[in-house]
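Structure first, commentary second.
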Amino acid sequence: MQKILPYHEVSVSLPDGRKIIRLIECEMGDEFHTGNDEFTFIWLFPGTGAFAFDSGTNFMMGNDFMYVDGGRYIKFDDFLTDSKFIMLIVDKAGFADFFCMHSYSFVSCDDIHRLLDSVSSDSPYLVHYPASRRLIRAADLIISDFNDITNPRELAVIDTMRFFNSLANLSDKEYSPLYTASKKYPALYAMKMVRENYRTITLEQLSKEMNYSAAYISRSLKELLGMGFEQLVAYRRYIVGIGLLERSSMSLEQVASELGFETYAGFYKFWKKQTGLSPEQYRKNARIKVQSELSPSELAEKYIVPRLENTHDR
């Protein structure tokens, strides 16, 4: 998978040298110690991954966001192929100082502190797909800012505030506390088993493995993820399928087999239901999109600079 950021870590600093935002593209085995006055957001690009957190192992599905407040030790130790973890680390006091120093007309210091307090009021938590789709666009803006070398500082901070706003506006039901993926926590363990065995796993097999009833497992998944077992398996296949169709040279028949379908016809029907397109058309559209993508400078001129100007006009 291609790099998402131009460097392993990019940052925004105040004149006194304090790094108020760090955006890090994580690699297997990376370890981090975050400060007591820092927010940490972890975003998983399509796929599944695991990381050690507070002495446990936690699993995330594609496009999930994890948030923790305060000093933590985090180690990334298991990625599904073509997955990427991005960490956004924000210095709470420095972030507020930035806005107070610049005296933006559209926000007061009190507003910033209230926003930061509302975000940090319930930690840690994991925002699950599909609720996390609300945050993806806001995170995309931050990444776009850091990938444009012309003037990332103000844009990155302003779009981080937009990200905070999106996060603060999620309802309590759209995220849940983090737990380790042991059999003590059936939904998290079911996620682990689906991650490893999505091609062949059945609810009956999972029930036998976990010594829980099928109905209890399904109910636990529904409560945690908003989707049942069959939906979870379908989503896992869909996420993996995106990578295979967009970035592999496999034939469509090979993709179908890799995803656990006995026939191409079954895969065709599944993909058409998920995306409204045939696998062939989806792959064709993805390749056209890659070929027509704007350069970072063109993106900045078309989208980022006007957005900053509009923000200052508010």
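Computed from the coordinates by the stated procedures, all read-outs in this text should not be read as laboratory data. Since we're looking at a predicted model, the values are computed, not measured. Backbone-built Cβ (ideal geometry, glycine too); neighbour counts: all protein chains shown.
Observations, loosely collected:
- Amide H contacts under 5 Å for Ser13: Ile20, restricted to partners 5 or more places along the chain or on a different chain, H placed in the peptide plane at 1.01 Å from N.
- Amide H contacts for Asp30 (H built 1.01 Å from N in the peptide plane; partners 5 or more residues away or on another chain; cut-off under 5 Å): Phe76.
- For region 196-290, the pair-distance distribution built from all alpha carbon pairs, in bins 5 Å wide starting at 0, is 2, 13, 21, 21, 14, 12, 9, 4, 2, 0 percent.
- For the pair Arg133 and Ala93, label points projected 7 Å from Cα toward Cβ lie 4.1 nm apart.
- Distance violations [Cα-Cα > 25 Å] among Lys222/Lys284; Lys75/Lys208; Lys19/Lys84; Lys75/Lys192; Lys84/Lys192; Lys192/Lys222: Lys222/Lys284; Lys75/Lys208
- For region 196-290, size of Cβ-based charge dipole, Lys and Arg +1, Asp and Glu -1, in debye: 420 debye
- Phi angles across region 15-32 convert, under the Karplus curve 6.51 cos²θ - 1.76 cosθ + 1.60 with θ = phi - 60°, into 3J(HN,Hα) values of x, 7, x, 5, 7, 8, 9, 10, 10, 10, 8, 7, 10, 4, x, 4, 10, 9 Hz, Gly and Pro given as x.
- Packing order of peptides 7-20, 131-144, highest average first: 131-144, 7-20 (average count of other Cβ atoms within 10 Å over each peptide's residues).
- Shape call, region 196-240: gyration tensor on alpha carbons, a/c limit 1.5: oblate
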